[in-house]
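What follows is a set of notes on a single structure, which appears directly below.
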Amino acid sequence: MAGPFGTLFRATVARSFVCLATASLLPAPATAAEHKLGPDPAAKCAGVKADAPVSIDSATIVPAVPFAVAERGPTPAGRITPATPEFCRVLGRIAPVDPKAPPIRFQVNLPLTWNGRTVQYGGGGFNGLLISGLALPPSAPFDSPSPLAQGYVTYGTDSGHETKPGEPPQQFALNEEAFVNFSHAAYKKVRDVAVTLVERAYGARPEKLYFVGSSEGGREGLTMAQRYPESFDGIYARVPVINWTGLQHVGVRDGLATWGDGWLRPAQVKLVHEAVLAACDAQDGVADGLVADPVGCKKRFNAAKLQCAAGASGDQLALISQSSPSRESA
């Protein structure tokens, strides 16, 4: 399939198949139609309208932003701010049917010159945070241009709930509509809203619609292919969290295993770190504080050497003791 994301997930009603590939974002074909936001982009942007149950909170022109790399970030990709051209940012919401359910918030980014294609971004974790659609796609090289910079309309959503400080991130699921929105409905609703806004802004419907996501966003991508195969021309789903129940059980098991005496205190973590380096660091010929062969290190490193003597404990002594009954049962 020709398209901007290399090999993607391709889905139709007649047939569905999955192809895993890289997430490199290729330039749009030269034959892609270009559409302008109008002779007065600011006026066109400010005049973006929607019909109930959709409402527009704001529609403004955002100045161009240069490429930047932050000193720190939650992930390597989180340090990257890709160069972004001047564009029209539309923020809005879709009202719920249940008055007790939260709205679905969305952001749609309209480039001043559109290549006729759109990219929807998936979320992460339990969502609850508005996805801006301004970042690089999953696994894209850090110095590559963002979809918006290549002329794609991009958009994202909070999936129909907003995580509040002090609340468990999954508390939204107590409301049935919010749970269904998170499961699948919000992404399709926002996709349909984005198509309508695009058509009103440029006077043309998208030629191609793509979905990209990683982890929870990857699950969303697979769910779109399963439930709404006609809604997207290509889906890139990286490391999808498709076994959601199994993942939660693994988290509980890991938590129980590290409860009480099973928790490694900072000094104990330091002991492990130093022991691993002593066993494996110099195996590549250079003692540089890095283990170049982690797979081989698992064979060389003998954790039993750090096992506690019977009845021994303490930061400088304890590391791997024989499992307590509670850890065995975990």
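Key figures
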read-out	value
Within the stretch 77-102, considering residues that are aliphatic (A, V, I, L, M) and either under 14 Å from LYS189 (Cβ atoms) or over 20 Å from the mean Cα position of the chain (by Cα) (or both), the one surrounded by the fewest Cβ atoms within 10 Å (Cβ to Cβ)	VAL97
Residues being under 17 Å from the mean Cα position of the chain (by Cα), among the hydroxyl-bearing types (Ser, Thr, Tyr) and part of a loop (DSSP other than H, G, I, E, B) - total across the stretch 103-160	4
Qualifying residue in the stretch 162-173 (condition: more than 22 Å from ASN109 (Cβ to Cβ) and either aliphatic (A, V, I, L, M) or in contact with a Lys or Arg (Cβ under 8 Å, 6 or more places away or on another chain) (or both))	yes
Conditions (1) in contact (Cβ under 8 Å) with a residue 60 or more places away in the chain; (2) outside any loop (DSSP other than H, G, I, E, B); number of the one not met by LEU91	(1)
Residues that are of a type in the set (Gly, Ala, Ser), surrounded by 10 or more Cβ atoms within 10 Å (Cβ to Cβ) and at pLDDT below 90, drawn from the stretch 276-328	ALA303, ALA312, SER313, GLY314, ALA318, SER321, SER323, SER324, SER326
Qualifying residue in the stretch 107-118 (condition: buried (at least 24 other Cβ atoms within 10 Å of the Cβ), of a type in the set (A, V, I, L, M) and touching a helix residue (DSSP H, G or I) at 6+ places or on another chain (Cβ under 6 Å))	yes
Sole residue being surrounded by 15 or more Cβ atoms within 10 Å (Cβ to Cβ), at negative phi and not in a strand (DSSP E or B), chosen from ALA33, ALA50	ALA50
Any hit, the stretch 245-268, residues being within 30 Å of THR154 (Cα to Cα), at pLDDT below 95 and either assigned to a loop (DSSP other than H, G, I, E, B) or not assigned by TED's automatic domain parsing to the domain that holds ASN181 (or both)	yes
Some residue of the stretch 61-78 being small (Gly, Ala, Ser), modelled with pLDDT under 95 and closer than 18 Å to GLY156 by Cα	yes
Filter result (buried (at least 18 other Cβ atoms within 10 Å of the Cβ) and either farther than 19 Å from PHE232 by Cβ or touching a Phe, Trp or Tyr at 6+ places or on another chain (Cβ under 8 Å) (or both)) within the stretch 130-143	ILE131, GLY133, LEU134, ALA135, LEU136, PRO137, PRO138
PHE211 vs. criteria surrounded by 15 or more Cβ atoms within 10 Å (Cβ to Cβ), under 23 Å from HIS161 (Cα atoms), touching a residue at least 60 places away in the same chain (Cβ under 8 Å) and assigned by TED's automatic domain parsing to the domain that holds THR75	yes
Every pair of residues 6+ apart whose Cβ atoms lie under 6 Å, when the first sits in the stretch 250-268 and is closer than 21 Å to LEU306 by Cα while the second is modelled with pLDDT under 80 and aliphatic (A, V, I, L, M)	ALA257/ALA330; GLN268/LEU319
Verdict on THR223 being among the hydroxyl-bearing types (Ser, Thr, Tyr) and modelled with pLDDT under 85	no
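The values are calculated or read from the model by the stated rules, or taken from the named source; none is laboratory data. Here the structure is a predicted model, which means the values were calculated and not measured. Cβ coordinates were reconstructed from backbone atoms using ideal geometry, including for glycine residues, and neighbour counts include every protein chain displayed.
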